[in-house]
Amino acid sequence: MRKISSPKVFQAEMRKLRERAKTIGFVPTMGALHDGHLALVRRARRENDIVAVSIFVNPAQFGPKEDFKRYPRTIGRDEKLLKNLKVDYLFHPTPKAMYPDSYALKISMGSPWVKDRLRKKFFPLLENLCGKYRPGHFEGVMAIVAKLLVLAQCHRTYFGQKDYQQAILIRRMIEDLHFDVIMKVLPTVRESDGLAMSSRNRYLSGDERRRAVALSRTLFWLRGQVRSGTRNILWLKREAARRLKPAVDKIQYFDIVDPQSLASLRRWQTEMVVLTACFVGKTRLIDNVTIKVKNQKS
Ligand code: PAF
């Protein structure tokens, strides 16, 4: 595995591979790798000649009171894991290299046809859910992913469904900016008790870890209810929150939304996503499940 820290060198290397007609699979990460990341890497390994992974804790996607400084950095361990999976390139740039003092670009959501004050109504995918509680977060994500894709020049790029809103926004950006890349979103990888794998799980104490399982349990409970015929969305939301509340320290949001627009639903539809963000202790955890049912019972 070749480790590269210079954006220019990484870009030149990827260009050479493309000129030699190699297919490139690229997995962007912030490191502190877990089985969720490794599933993306394995898939990239199966589908491409060359696999490149980036590890970059992106300062632009953390709010001033968030955990940028504390975010786990485990580069030595990560390198070993990636070597074991036969990754060809690890791109590990410094913040200065990605954001030199001259850096000025911001990628956001909007449209020439919609006034900024109506953004909330027309762009729930940026403004709802995590977008509401982490202002600027997704702009930071989109900027770094755009930059990484320009450098990696990959044929396929891989993301996890745990970050559902992120995946939808990145897909939108890829389409809007005409990136010539196939984006693959793979299912959330879970611990044996259902907790979604996340680099932030390592912040949890023993007691918090036990309580954290309530997120996935509640989501699965709700999906079970829908599958067995419950159609009252407002009741489902209320009842799920009632179940979640005793286990977590704060529910930031718990919502049932349209899978594409992420607009909050008041009425039942055949495809929905249920998403939640909760604090367990000081740790903010997110999780989601998608729901697809065939018949619309009234
Ligand atoms: O999902 C993540 O780990 C990050 O948001 C990403 C996509 C690597 C961008 O920094």
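Using only DSSP helix segments of four residues or longer, with each worth -39500 (n - 2.57), what per-residue ellipticity at 222 nm results for the chain after dividing by its residue count and rounding to 500?
-11500 deg cm²/dmol
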Unit charges on C-beta of K, R, D, E only; dipole of segment 86-194, Debye: 340
Nearest-0.05 FRET efficiency for ASN232 and LYS69, computed from C-beta distance (R0 51 Å): 0.70
Loop-located trypsin sites (Lys or Arg not before Pro) in segment 164-273, at most 12 other Cβ atoms within 10 Å (DSSP): ARG266, ARG267
Relative contact order of segment 153-228, defined on C-alpha pairs under 8 angstrom at six or more residues apart (%): 27
Longest segment of the chain lacking chymotrypsin sites (Phe, Trp or Tyr not before Pro) that sit in a DSSP loop with at most 14 other Cβ atoms within 10 Å: 114-298
Solvent-free Debye scattering, log10 I(q)/I(0), computed from the Cα coordinates of segment 170-298 at q = 0.12, 0.15, 0.20 Å⁻¹: -0.52, -0.77, -1.15
Sparse-neighbour loop sites [GluC sites (Glu not before Pro); segment 47-95; at most 15 other C-beta within 10 Å; DSSP]: GLU66
Estimated inter-spin distance, ARG20 and LYS132, nm [label 7 Å along Cα→Cβ]: 5.1
Evaluated at q = 0.23 Å⁻¹: base-10 log I(q)/I(0), Debye formula over Cα of segment 1-70: -1.09
18 Å Cα-Cα threshold exceeded, pairs from LYS162/LYS184; LYS69/LYS282; LYS16/LYS86; LYS162/LYS282: LYS16/LYS86; LYS162/LYS282
Those trypsin sites (Lys or Arg not before Pro) in segment 1-51 that DSSP places in a loop and that have at most 16 other beta carbons within 10 Å: ARG20, LYS22
Share antiparallel - DSSP beta bridges, the chain, percent rounded to 5: 50
Nearest-10 value in Å² for the accessible area of VAL293, using the 1.4 Å probe: 30
Formal net charge of residues neighbouring GLY31 (Cβ-Cβ distance under 13 Å; K, R +1; D, E -1): +4
Cβ-placed point charges (K, R +1; D, E -1), dipole of segment 54-104 about Cα centre in debye, nearest 20: 220
Which of SER102, SER108, SER54 is most accessible, then next, and so on - probe 1.4 Å: SER102, SER108, SER54
Accessible surface, per residue, of the chain when the full set of protein chains is kept, probe 1.4 Å, Å²: 51
In degrees, nearest ten, helix 137-152 long axis to first principal axis of the chain (Cα): 30
Nearest-10 value in Å² for the accessible area of VAL189, using the 1.4 Å probe: 40
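Ordering VAL114, VAL185 by how much accessible area each has at a 1.4 Å probe, largest first, what is the list?
These residues rank, largest area first, as VAL185, VAL114.
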Relative pair counts by distance (%), Cα atoms of the chain, 10 Å bins: 6, 26, 34, 24, 9, 1
Solvent-accessible area of ILE251 with every protein chain in place, 1.4 Å probe, in Å² to the nearest 10: 50
Segment 33-103: equivalent-ellipsoid semi-axes (sqrt of 5 x gyration tensor eigenvalues, Cα, Å): 25, 15, 11
Electrostatic dipole magnitude of the chain [Cβ: Lys, Arg +1; Asp, Glu -1; Cα centre; debye, to 20]: 540
On Cα atoms only, tilt of 35-47 relative to the major axis of the chain in degrees: 60
Protein accessible area in segment 98-240, 1.4 Å probe - carbon and sulfur %: 52
Relative contact order (%) - the chain, alpha-carbon pairs under 8 angstrom, separation at least six: 18
Solvent-accessible ranking of THR94, THR74, THR276, largest area first, probe 1.4 Å: THR94, THR74, THR276
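The values are calculated or read from the model by the stated rules, or taken from the named source; none is laboratory data. Note that the structure is predicted; figures quoted are calculated from it, not measured. For neighbour counting, all protein chains shown are included, and Cβ atoms are generated from backbone atoms with ideal geometry for every residue, glycine included. Just so you know, the surface numbers come from the protein's heavy atoms only, side chains and all, with ligands and any DNA or RNA stripped out. Shrake-Rupley method; radii C 1.70, N 1.55, O 1.52, S 1.80 Å.
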